[in-house]
Amino acid sequence: MPDPTPDPMPAPIPVIGARFQGEPATLYRELRREHGDVVPVLLDGGVPAWLVLGYRELHQVTSDPVLFSRDSELWNQWANIPPDWPLLPVISREQPSILGTVGERHRERATMVGDALEAVDPLALRGHVERFADELIDAVCETGRADLVTQYAALLPVRVLAFLFGFPEEQGPGLVAAMNDILDGHERAMAGEAHLTSSMARLVDERRHRPADDVVSRVLANPYGFTVEEVTHDVMVMLAAGHQPTADWIGNSLRLMLTDERFAASLFGGRSSVAEAMNEVLWEDAPIQNAAGRWTTRDTGLGGRRLRAGDLVLLGLQGANSDPRVRTPGAALTGGNNAHFSFGHGEHRCPFPAQEVAEVIARTGIEVVLDRLPDIDLAVPAEQLRRRASPWLRGLVGLPVRFEPTAAVGRG
């Protein structure tokens, strides 16, 4: 059945600025009412794109890699992109990593990445998370006050992943800063990409000559013949994709549990609601709000709009999660409802072993907080909590809390 006649083109919405930094439920409801399920938007520098908010439309885009390709060479805007465009680390013409590979070569790379992460033992991983989490809690537990974002959630995933990958632990803070700069897409993005690339290149070179029992060594040992450059880009993507969204998953879940009375029991020693809070965050407060992207391989219709060949399509993950056609207002969310888009969909979705690693890190990190600081409470009114100024990632700038001072456990 052909697409209906498209409505007159509405004015594009800039994705930078205050509108994309407010409450997502309000934003996507307004955008859907004003523009429908496929919204014309403007990226930095007035570059046009489409933001897909409809659940069915996003399912269509992510399920059809032939029509909606990951090949960024197709973009019809490259002639208008300056060499210092701040989104180039995220939307680049040459994408040598798994993110830009298509077809059978992508499936091989996805298998390589999945196998390297699947070899991580979940019980051993939980032990590593507990050790690093205890060290971070030890640094603040005797003071009675802490910021659970800057002093905990923003540090924990990268410390665990650095250990799994084979990085020296002291490189963690620099990697955190570099990845935040890249994913926020502002003026420091290019410098952040350079730092992350050089750090990963050194680690890959070391593991080429001295393999160990770590993720980077297992990726290098793949049977598919990927080059050192390709492996370097892939493990860099793995680290970036594994850290910040997991940190925001921890922070957003703790915020929910500290501000919503439904989860009060978990704050006094219970754990039954942790998984439900984490799953609700994936539906309502997803760490990755929007993602780039897909490029149309020919003129086509989507959600009542006409897209030209080479148009950039942005994946509105949070918008699709809140689509009223699949969600009813106030719907009860349980740990059994995992039909959200927060890990993507289709052949380019987050590999299942990577999801498992992220879930172990996030859940264990939350449980350690609840075990170590059982009387924890917000130190500021909930309405004063601020979010990162990014249309792509949704996380807290800080989560100040207070609690009864306790002794450090001193685990080594």
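The values are calculated or read from the model by the stated rules, or taken from the named source; none is laboratory data. What you see is a predicted model; the values in this text were computed from it and never measured. Glycine gets a Cβ as well: all are built from the backbone with ideal geometry, and neighbour counts include every protein chain shown. Just so you know, the surface numbers come from the protein's heavy atoms only, side chains and all, with ligands and any DNA or RNA stripped out. Shrake-Rupley method; radii C 1.70, N 1.55, O 1.52, S 1.80 Å.
Among the residues of the range 158-169, those identified as modelled with pLDDT of 80 or more and either surrounded by fewer than 21 Cβ atoms within 10 Å (Cβ to Cβ) or farther than 28 Å from D213 by Cβ (or both) are F163, G166, P168.
Residues in the range 41-55 that are assigned to a helix (DSSP H, G or I) and in contact with a Lys or Arg (Cβ under 7 Å, 6 or more places away or on another chain): Y55 alone.
Of R394, R372, R308, all but one fail to be charged (D, E, K, R) and open to solvent by 60 Å² or more (accessible area, probe 1.4 Å); the exception is R308.
Within the span defined as the range 100-109, one or more residues are surrounded by fewer than 19 Cβ atoms within 10 Å (Cβ to Cβ) and among the aliphatic types (A, V, I, L, M).
Table: residues versus (1) under 21 Å from the mean Cα position of the chain (by Cα); (2) in contact (Cβ under 8 Å) with a residue 24 or more places away in the chain.
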| position | (1), (2) |
| --- | --- |
| D134 | no, yes |
| E142 | no, yes |
| A146 | no, yes |
| V149 | yes, yes |
| V160 | yes, yes |
| L164 | yes, yes |
| L196 | yes, yes |
| R202 | no, no |
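The residues of the range 376-412 that are more than 21 Å from D285 (Cβ to Cβ) and at pLDDT 90 or above, listed by number, are R402, F403, E404, P405, T406, A407, A408. Every listed requirement among (1) under 13 Å from L312 (Cα atoms); (2) open to solvent by 30 Å² or more (accessible area, probe 1.4 Å) is met by L67 save one, (2).
Taking the range 20-40, which residues are crowded, with 20+ Cβ neighbours inside 10 Å, touching an Asp or Glu at 6+ places or on another chain (Cβ under 9 Å) and not in a helix (DSSP H, G or I)? Answer for the range 20-40, where residues must be crowded, with 20+ Cβ neighbours inside 10 Å, touching an Asp or Glu at 6+ places or on another chain (Cβ under 9 Å) and not in a helix (DSSP H, G or I): D37, V38. When the range 240-256 is filtered for residues that are hydrophobic (A, V, I, L, M, F, W, C), at pLDDT 90 or above and surrounded by 24 or more Cβ atoms within 10 Å (Cβ to Cβ), the ones remaining, listed by number, are A247, W249, I250, L254. Which residue is modelled with the highest pLDDT, if the candidates are limited to the range 89-108 and must be closer than 16 Å to A291 by Cβ and of a type in the set (A, V, I, L, M)? If we take residues in the range 89-108 being closer than 16 Å to A291 by Cβ and of a type in the set (A, V, I, L, M), then I91 is modelled with the highest pLDDT. Only one entry of P96, P86, P82 meets the criterion of being closer than 19 Å to R349 by Cα, out of contact with any Phe, Trp or Tyr (no Cβ under 8 Å at 6 or more places or on another chain), open to solvent by less than 60 Å² (accessible area, probe 1.4 Å) and part of a loop (DSSP other than H, G, I, E, B), and that entry is P96. Screening the candidates E206, E142 for the property of being at pLDDT 90 or above, part of a helix (DSSP H, G or I) and open to solvent by 60 Å² or more (accessible area, probe 1.4 Å) yields one hit, E206. Just to be sure before I move on: is L314 crowded, with 22+ Cβ neighbours inside 10 Å and modelled with pLDDT of 95 or more in the structure I sent? Yes: the conditions hold for L314.
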